[in-house]
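One structure, pasted below without further comment.
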Amino acid sequence: MRSTNPGLLKQLRRPGARKLIIAGVSTEVCLALPAIFATGTGYEAYAIIDASGTFSETKRVTGLMRMVQAGVIVVDYATVAVEMLKDNASPKAGALYGALDMPFAGLVGQLAGAFANDR
């Protein structure tokens, strides 16, 4: 994997590092190219689509299609954060949902806290 950051390469090469979460300034280049490359070298690449931008709808759509063709997992930032949580009953759920800045996040965090207290 090519990078100008030796620390990043060291982290990527450590045993067990097989998943990457990637965002970029432009969806079709800054996001798609590293995600496609990572997928081709055996990583599970998660392309965070709403944390990436572009300059036209055509570029966004073609970038998305190309990533999907290459096996990149296209996802939004909230979904990937919740997937990392693994369980809404986690003590970290309230803080995570609060940090997501979504209208329902406060309610979900409160529910997760209430259910955690019942255990």
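Being in contact (Cβ under 8 Å) with a residue 24 or more places away in the chain, more than 25 Å from LEU100 (Cβ to Cβ) and not β-branched (Val, Ile, Thr) is the filter here; which residues of the stretch 19-37 pass it?
Result: GLU28, PHE37.
With respect to ALA51, determine if the residue is out of contact with any Ser or Thr (no Cβ under 9 Å at 6 or more places or on another chain), under 23 Å from GLU83 (Cα atoms) and aliphatic (A, V, I, L, M).
yes
Any idea how many residues of the stretch 7-29 are among the charged types (D, E, K, R) and touching a Lys or Arg at 6+ places or on another chain (Cβ under 6 Å)?
From the stretch 7-29, those among the charged types (D, E, K, R) are 10, 13-14, 18-19, 28; that's our starting set.
When the remaining residues are screened for being touching a Lys or Arg at 6+ places or on another chain (Cβ under 6 Å), the result is 28.
Of the residues in the stretch 7-29, 1 are among the charged types (D, E, K, R) and touching a Lys or Arg at 6+ places or on another chain (Cβ under 6 Å).
Something else now. For a quick check of your reading: which strands (runs of 3 or more DSSP E) sit entirely within the stretch 1-96 and have at least 2 residues that are open to solvent by 30 Å² or more (accessible area, probe 1.4 Å)?
Filter on the stretch 1-96 gives 19-22, 73-75.
The values are calculated or read from the model by the stated rules, or taken from the named source; none is laboratory data. All of these numbers come straight from a predicted model, not from anything done at the bench. Glycine also receives a Cβ, built like all others from the backbone with ideal geometry; neighbour counts cover every protein chain displayed. Only protein heavy atoms, including side chains, enter the accessible area calculation; ligands, DNA and RNA are left aside. Shrake-Rupley method; radii C 1.70, N 1.55, O 1.52, S 1.80 Å.
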